[in-house]
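The structure under discussion appears below in the form of structure tokens.
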Amino acid sequence: MQQAPFEEPLAARLPGSPALAKGGGGKLPDSGGEEVPDKVELRGLSLWYGTKRALHDISMRIPRNRITALIGPSGCGKSTLLRCINRMNDLVEDVRIEGEVLLEGEDIHDPDLDVNALRARVGMVFQKSNPFPKSVYENVAYGPRIHGARKRAVLDEIVERSLKGAALWEEVKDRLHESALRLSGGQQQRLCIARALAVEPEVILFDEPCSALDPVATGKIEDLMRELRSEYTMVIVTHNMQQASRVSDFTAFLYMGTLVEHSPTRELFTRPREARTEDYISGRFG
Amino acid sequence: MRNSDPGRLRPDRRRKRSGDRLGAVFIRLSAGAMAVNLLMVLGLLVLIGVKGLGVFWPRSLVEIRLKDGSRIWGAVVERETVRDIDPGRTEEEGGRNGRRGFRIRVRVANRDLEGEEFLWVPEEEIAGIRVREDLVRVERAEWGDFLGRFLRLEAGGKKVTDSWGGFRKALDARDSVGPRTDEGRKEAWKAVFEVAGGETVEIPWEGILDAIRPNRMGFLEKCGFYGNRFFDFLVSEPRSSNTEGGIFPAIFGTVLMVFLMTIFVTPFGVLAAIYLREYAKDGPFVRILRIAINNLAGVPSIVFGIFGLGFFVYTLGGRIDSLFFPDRLPEPTFGTGGILWASLTLALLTVPVVIVATEEGLAAVPKSVRHGSLALGATKLETIWNVVLPGAAPGILTGVILAISRAAGEVAPLMIVGMVKMAPDLPLDGEFPFLHPERKFMHLGFHIFDLGFQSPDVEATKPLVYATTLVLVVLVLVMNLGAIALRNRLRKRNATSSV
Ligand SMILES: Nc1ncnc2c1ncn2[C@@H]1O[C@H](COP(=O)(O)OP(=O)(O)OP(=O)(O)O)[C@@H](O)[C@H]1O
Ligand SMILES: [Mg+2]
């Protein structure tokens, strides 16, 4: 998992283009105005489920150490797009992908690339929390074990650090060896985040992580995401405009498999460039 | 769906009511079927339980005086109604045909003297019955039990003691030193008894295993005796060609065979199910495979036995013999029935059950959990091994439980692949290499058949049939309960949360 420091993003070497959504720009202007290097870049990505096309030629750049929100009406392809980044779509039968997905400039569809190593670098938190039917400890230690950590002391350390990272430690430190299924829904979701953190990913993908949670638990997860922002690149799919505007730095609006608009969050919500974006965020459809 | 028009509710409601009436009938029908099932099963279990448990209870011995002046000593076993009291004689000969009456069955033992263990006595012929405290039941090494009245103990024709207490003491002294320690003694000891007919009978000292006076025993004493006898039955070897003694080798053989079968069938069935459910692409091939597996479960078990004989015993066993034991040929080592081949045959017989149950178990593991593991960078194999299999464990155990139940009761195929009436050695002993997979073995199911239908005196062994059946049923029950307890513990651990 050791990655060479990110020196020169591939994107930086490409001829620039003003529109963010079209890709290929040098560095993204932050919402604050500073430039941020890319972590992930999608280039002309299209995806078909059988004969049904779910993604249309999507090009976008996901900046590092920032939170990117994906919004759009149900069925527009947000989850599909997210799953492209850690190749979870490989598990779907009869799927065809065109275009490139670059992680730190490397094509993740490279046949030499080990998909399991990729998924260790790009973690994922699902809509419905899915802890393993094991103890809290075993849930968090699962990933490190898979990737070769054996020593008890090392695992203990990772478990504690990950649970603290997911703001769950205080709540579960006395019940580490209880079944994870006895935790509350919000705790389970944070456990899933801790589980993802334990393998020290570079990117974390969240697919509607709060859709089954109450406002308090949602708030906790949003705080958590803001805290993790300094160390991880995050992409979150959400149906909740407030959440997107609260938590994210950039927002991408997808509509029927195409990327309509991708800009700094404040910009997208205050001065949308596209009429469809405006319709959507003002609740006129979707 | 909301229905705003109230008028439209009525026909719906009516339809629902008539459906309910049919439903009620259906419920009664299904409940009735369930009740019948339950009654039959309970009836069977109660019959086996009562008869099987009663075998070792020391019944009180009575003296029956008949109207013709003769007397009978024995234990009353049952009483039944008869139409023809003495069917052998016609009306003119003084027969009493066509009249209802009762007769009792008396266990008179003394098989060597009477020729029969049991006697039917019409109640009309009985002048009186009384309990005699001095009647003795002797367990003998041969000929089964003896009933009589103790007269004296002799050594080389000289009296040793004529009191029951003295006799018991001598017997206890002998047993505490260990059985048959009297070989070195010069004069032969024997016990002299009187039988109902008045004759005296001598029983050699060595031939006496135990002697009791059941009518003198208190309840607790009887319980102790009963426990002892039952324990002996469980842990000792059979005697007099299985009609006496215990059933230990049969219990042992059954348990070991089922155990070996479980060891073979579980990995085999689980691997096959993993292939079918996790790796194979769903298509006509897999569908045909599934149908074939399900049909395999319906093949008569004797066919598996014949296959086991042909494939395991002759082909595999023969090959092993010619490769590893050529010096012993033509005497077969593995080329003949044995516990290994028997358990493999049963494994083959039960593998469909395990496959089907495991597949269900695998299907019950939610996709989301698998994805959780894969998204952490686990390979498919790691995911199956660490997440899917533990989640499917209750299903797998269900399959194993079913397989065990089926295997423990299966007799037919075993008769040709290694089960025998009397095995000289246990398949597991202290002799290297401890487990002897080539040895023949005894089995409770076959033992029941042997006792019930193959013994010279079926009436005499009937109680043992009940007792052995009880043991087999309890054994299966214990194995099942153990597996179910294990499964429930796993279920509890895997229980999906409410959120
Ligand atoms: N495994 C699949 N096989 C076939 N079609 C699929 C599959 N998964 C998604 N689709 C289709 O692809 C399109 C995009 O689906 P996707 O799940 O990405 O939508 P989404 O934006 O995440 O929607 P939602 O907000 O409801 O989660 C939908 O039309 C959906 O029907
Ligand atoms: Mg989705």
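Just a few scattered comments:
- For residue A:151: the one exception among (1) surrounded by fewer than 16 Cβ atoms within 10 Å (Cβ to Cβ); (2) within 22 Å of residue B:367 (Cα to Cα): (2)
- Residue within segment A:44-52 that is open to solvent by 10 Å² or more (accessible area, probe 1.4 Å), touching a helix residue (DSSP H, G or I) at 6+ places or on another chain (Cβ under 6 Å) and away from ligand 2 (no atom under 16 Å from the Cβ) present: no
- The helices (runs of 4 or more DSSP H) falling completely within segment A:72-148 that include 2 or more residues that are more than 16 Å from ligand 2 (Cβ to nearest atom) map to A:115-121, A:136-146.
- Given (1) among the charged types (D, E, K, R); (2) open to solvent by 80 Å² or more (accessible area, probe 1.4 Å); (3) part of a helix (DSSP H, G or I); (4) closer than 28 Å to residue B:392 by Cα, index of the condition residue B:281 fails: (3)
- Filter pass, residue A:59 being open to solvent by 10 Å² or more (accessible area, probe 1.4 Å), within 9 Å of ligand 1 (Cβ to nearest atom) and not charged (D, E, K, R): no
- Residue-level check: of (1) open to solvent by less than 10 Å² (accessible area, probe 1.4 Å); (2) aliphatic (A, V, I, L, M); (3) away from ligand 1 (no atom under 16 Å from the Cβ), residue A:101 misses just (3).
- In the condition set (1) in contact with a Gly (Cβ under 8 Å, 6 or more places away or on another chain); (2) open to solvent by 20 Å² or more (accessible area, probe 1.4 Å), residue B:200 is compliant with all but (1).
- Against the list (1) modelled with pLDDT under 90; (2) in a helix (DSSP H, G or I), the condition residue A:167 fails is (2).
- Of all residues in segment A:70-98, those that are open to solvent by less than 10 Å² (accessible area, probe 1.4 Å) have Cβ atoms under 6 Å from Cβ atoms of residues that are assigned to a helix (DSSP H, G or I) and more than 7 Å from ligand 1 (Cβ to nearest atom), 6 or more apart or on another chain, in A:71/A:244; A:86/A:119; A:89/A:83.
- When A:270, A:277, A:251, A:258 are screened for being away from ligand 1 (no atom under 16 Å from the Cβ) and either modelled with pLDDT of 90 or more or more than 14 Å from chain B (Cβ to nearest Cβ) (or both), only A:270 passes.
- Residue A:162 being within 14 Å of chain B (Cβ to nearest Cβ), open to solvent by less than 20 Å² (accessible area, probe 1.4 Å) and over 15 Å from the mean Cα position of the chain (by Cα): yes
- Each residue in segment B:421-462 was checked for being small (Gly, Ala, Ser) and either surrounded by fewer than 17 Cβ atoms within 10 Å (Cβ to Cβ) or under 22 Å from residue B:258 (Cβ atoms) (or both), and 4 pass.
- Residue A:114 vs. criteria closer than 28 Å to residue B:281 by Cα, within 11 Å of chain B (Cβ to nearest Cβ) and open to solvent by 40 Å² or more (accessible area, probe 1.4 Å): yes
- Residue match in segment A:182-192 (condition: in contact with a strand residue (DSSP E or B) (Cβ under 9 Å, 6 or more places away or on another chain) and within 12 Å of chain B (Cβ to nearest Cβ)): yes
- Scanning segment B:372-389 for residues that are open to solvent by 40 Å² or more (accessible area, probe 1.4 Å) and either more than 7 Å from chain A (Cβ to nearest Cβ) or under 16 Å from residue A:180 (Cα atoms) (or both) yields B:380, B:381, B:385, B:386.
The values are calculated or read from the model by the stated rules, or taken from the named source; none is laboratory data. From a predicted model like this one, the values you see are computed outputs, not experimental measurements. Cβ atoms come from the backbone with ideal geometry, glycine included; neighbour counts cover every protein chain shown. Each accessible area value is taken on the protein alone, full model and side chains, heavy atoms only, with ligands, DNA and RNA left out. Shrake-Rupley method; radii C 1.70, N 1.55, O 1.52, S 1.80 Å.
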